[in-house]
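Worksheet for the structure shown next.
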Amino acid sequence: QQQVKQSPQSLIVQKGGIPIINCAYENTAFDYFPWYQQFPGKGPALLIAIRPDVSEKKEGRFTISFNKSAKQFSLHIMDSQPGDSATYFCAAGYNFNTGNQFYFGTGTSLTVIP
Amino acid sequence: EADIYQTPRYLVIGTGKKITLECSQTMGHDKMYWYQQDPGMELHLIHYSYGVNSTEKGDLSSESTVSRIRTEHFPLTLESARPSHTSQYLCASSEFLGASGDSYEQYFGPGTRLTVT
């Protein structure tokens with residue numbers, strides 16, 4: 001059973017556009033929601049993360065919107081650039097007494113056209 | 001950039017061969033993970049370790065095995081490779097910050113692309 005559902009699978013936007021990637025989860029035990037960016041030939045790298053006690057977090061051109069009641073969160077990329085072309089993964093995780101565990105979405109391939 | 005390394009980066013091997021994928025990190029992290037990544041699919045956790053001599057299987061069933069003899073080293077072994085093992089394997093590590101930790105970022109290596117013919 002997929003713990004985190006991500007959409008769309010792929011996205012093409014013009015430079016300067018605002019791509020939005022959406023994720024949904026069911027398990028209310030999740031308490032940490034990161035987004036990872038992955039370039040071809042590289043491993044995923046943490047982009048931005050949020051905890052469920054806030055509704056929005058901004059870091060540079062990247063914003064996470066979080067809706068706890070709907071169990072949904074999304075990534076917005078402001079003023080997108082060709083260099084943002086990559087695959088983006090959302091994830092949800094929780095902590096327990098010996099460590100933590102993450103569940104990842106299926107990824108969104110973003111292409112920003114110059 | 002994260003200090004986590006994987007070798008080899010690419011491996012093409014015949015059916016039935018034994019292979020070991022290497023993963024090392026220099027951050028002193030307690031926890032390490034192996035994920036399997038296929039195109040269009042989520043990262044699937046196949047093994048994890050919370051410290052030396054600790055290993056557990058992840059959600060995705062895998063015929064591979066792992067060991068954790070040293071904190072920095074977490075190799076994955078396939079005793080007899082099959083074409084169904086063809087995939088990208090990602091190693092990650094994180095630091096246990098306790099129940100009140102502000103974040104628990106996982107740092108990923110560059111991955112090993114395995115092809116079994």
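The values are calculated or read from the model by the stated rules, or taken from the named source; none is laboratory data. Everything numeric here is computed off the predicted structure, so don't read it as measured data. Please note: Cβ atoms are built from the backbone with ideal geometry, for glycine as well, and neighbour counts cover all protein chains shown. Keep in mind that these areas ignore ligands, DNA and RNA; they rest on the heavy atoms of the full protein, side chains included. Shrake-Rupley method; radii C 1.70, N 1.55, O 1.52, S 1.80 Å.
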**Request:** Mind checking which strands (runs of 3 or more DSSP E) fall wholly inside the stretch B:8-117 and carry at least 2 residues that are modelled with pLDDT under 95 and within 14 Å of chain A (Cβ to nearest Cβ)?
**Result:** B:31-37, B:44-51, B:54-57, B:87-94
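Against the condition among the hydrophobic types (A, V, I, L, M, F, W, C) and touching a residue at least 24 places away in the same chain (Cβ under 8 Å), how does A:A24 come out, does it pass?
Answer is yes for this residue.
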**Prompt:** Looking at the stretch A:100-113, which of its residues are open to solvent by 10 Å² or more (accessible area, probe 1.4 Å) and modelled with pLDDT under 95?
**Reply:** A:Q101, A:Y103, A:T106
**Message:** Condition first: touching a residue at least 24 places away in the same chain (Cβ under 8 Å) and within 12 Å of another protein chain (Cβ to nearest Cβ). Can you find one or more residues in the stretch A:71-78 that meet it?
**Reply:** no
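Can A:S109 be described as farther than 23 Å from B:Q36 by Cβ and assigned to a strand (DSSP E or B)?
Numbers: farther than 23 Å from B:Q36 by Cβ: no; assigned to a strand (DSSP E or B): yes.
The answer is no for A:S109.
Sort through B:G51, B:G40, B:G14 and tell me the only one that's open to solvent by 20 Å² or more (accessible area, probe 1.4 Å) and on the phi > 0 side of the Ramachandran plot. Write out each step before concluding.
Details: B:G51 fails: open to solvent by 20 Å² or more (accessible area, probe 1.4 Å); B:G14 fails: on the phi > 0 side of the Ramachandran plot.
Sole residue among the options that is open to solvent by 20 Å² or more (accessible area, probe 1.4 Å) and on the phi > 0 side of the Ramachandran plot: B:G40.
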**Request:** Any residue in the stretch A:53-68 that's under 15 Å from A:C23 (Cβ atoms): show its pairings with residues that are open to solvent by 80 Å² or more (accessible area, probe 1.4 Å) and assigned to a strand (DSSP E or B) at Cβ separation under 9 Å, as long as the two are six or more apart or on different chains.
**Result:** A:T63/A:E56; A:I64/A:E56; A:I64/A:K58; A:S65/A:E56; A:S65/A:Q72; A:F66/A:E56; A:F66/A:Q72
